[in-house]
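Encoded as structure tokens, the structure appears first; notes follow it.
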Amino acid sequence: MNVVLTGFIGTGKTTIARLLAQKTGKSLVSTEEEISKKAKMSPGKFIEKNGINRFYDLEADVVEIICEFDDCIFDADYRILMKNENVISFKKTSVIIMLTADIKDVQERMKKKASSWTKKSTNELEASIKEYESRCGKIADYIIDSSRMSPEDACDLIAHYVQNE
């Protein structure tokens, strides 16, 4: 069984995914890295060069391929689950864990990353998070608020959930 760890930027998914992979002995797979490998460029550059629709096709191809893997932790960019075909592919082989966080925590964590989101107003950011959480909250098997616990505690909780699947 695979675990898809998703969440908006700044919810701790990469940190928790690394810890979870170490704790469980599962392989860690970054969806963004896999897309970059297949595209031979970053997702942003691919979109600039080929357009968003071609990117969605590439992304769906990558998701279909990685869903054939077994015993993996997928560090999944929040946008990847906005497309139904990706959700369907992941649901066949994976449990989906969505991480959330308070807006203040998200903004603080974003300061540490070079992200276009840091230039957005709080209202724009909140609207985007709300849209994402509304969509992904319906498809996630479990939702964890990473503002309420340490990455280690979140990892332990996820490991518990996965054992019960």
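The values are calculated or read from the model by the stated rules, or taken from the named source; none is laboratory data. Since the model is a prediction, treat every value here as computed from it, not as a measurement. Here the Cβ is made from the backbone with ideal geometry for all residues, glycine too, and neighbour counts use every protein chain on show. Accessible surface is based on the protein model in full, side chains and every heavy atom, while ligands, DNA and RNA are left aside. Shrake-Rupley method; radii C 1.70, N 1.55, O 1.52, S 1.80 Å.
Only residues that are within 16 Å of the chain's Cα centre (by Cα) and open to solvent by less than 80 Å² (accessible area, probe 1.4 Å): list them for region 29-64, please.
Selection gives V29, S30, T31, E34, I35, S36, P43, Y56, E59, A60, V62, V63.
Kindly provide the set of residues from region 79-92 that are surrounded by fewer than 16 Cβ atoms within 10 Å (Cβ to Cβ) and over 14 Å from Y56 (Cα atoms), ordered by number.
I88, K91, K92
Assess whether M1 counts as being surrounded by fewer than 22 Cβ atoms within 10 Å (Cβ to Cβ), hydrophobic (A, V, I, L, M, F, W, C) and within 18 Å of Y142 (Cα to Cα). Spell out how you get there, then give the answer.
Details: surrounded by fewer than 22 Cβ atoms within 10 Å (Cβ to Cβ): yes; hydrophobic (A, V, I, L, M, F, W, C): yes; within 18 Å of Y142 (Cα to Cα): yes.
Judged against the criteria, M1 is a match.
Condition first: more than 25 Å from G44 (Cα to Cα), of a type outside the set (D, E, K, R) and either at pLDDT below 95 or touching a helix residue (DSSP H, G or I) at 6+ places or on another chain (Cβ under 9 Å) (or both). Can you find one or more residues in region 103-116 that meet it?
For region 103-116, residues more than 25 Å from G44 (Cα to Cα), of a type outside the set (D, E, K, R) and either at pLDDT below 95 or touching a helix residue (DSSP H, G or I) at 6+ places or on another chain (Cβ under 9 Å) (or both): absent.
Going through region 129-155 one residue at a time, which ones are modelled with pLDDT under 90 and assigned to a helix (DSSP H, G or I)?
Scanning region 129-155 gives I129, K130, E131, Y132, E133, S134, R135, C136, G137.
Taking the conditions exactly as written (in contact with a Lys or Arg (Cβ under 6 Å, 6 or more places away or on another chain) and either among the hydroxyl-bearing types (S, T, Y) or open to solvent by less than 80 Å² (accessible area, probe 1.4 Å) (or both)), does C72 satisfy them or not?
yes
Suppose we keep only residues that are more than 17 Å from T15 (Cβ to Cβ) and charged (D, E, K, R) within region 137-151. Which one would you say is least open to solvent (accessible area, probe 1.4 Å)? Steps first, please.
Within region 137-151, the first condition is being more than 17 Å from T15 (Cβ to Cβ), and the residues that meet it are 137-143.
Retained after the next criterion (residues that are charged (D, E, K, R)): 138, 141.
Values: K138: 165, D141: 65 Å².
It comes out as D141.
The conditions are (1) out of contact with any strand residue (DSSP E or B) (no Cβ under 9 Å at 6 or more places or on another chain); (2) at pLDDT 95 or above, and L5 fails exactly one of them. Which is it?
(1)
I'm trying to understand the selection: among the residues of region 9-19, which are modelled with pLDDT under 95, in contact with a strand residue (DSSP E or B) (Cβ under 8 Å, 6 or more places away or on another chain) and crowded, with 24+ Cβ neighbours inside 10 Å?
T11, G12, K13
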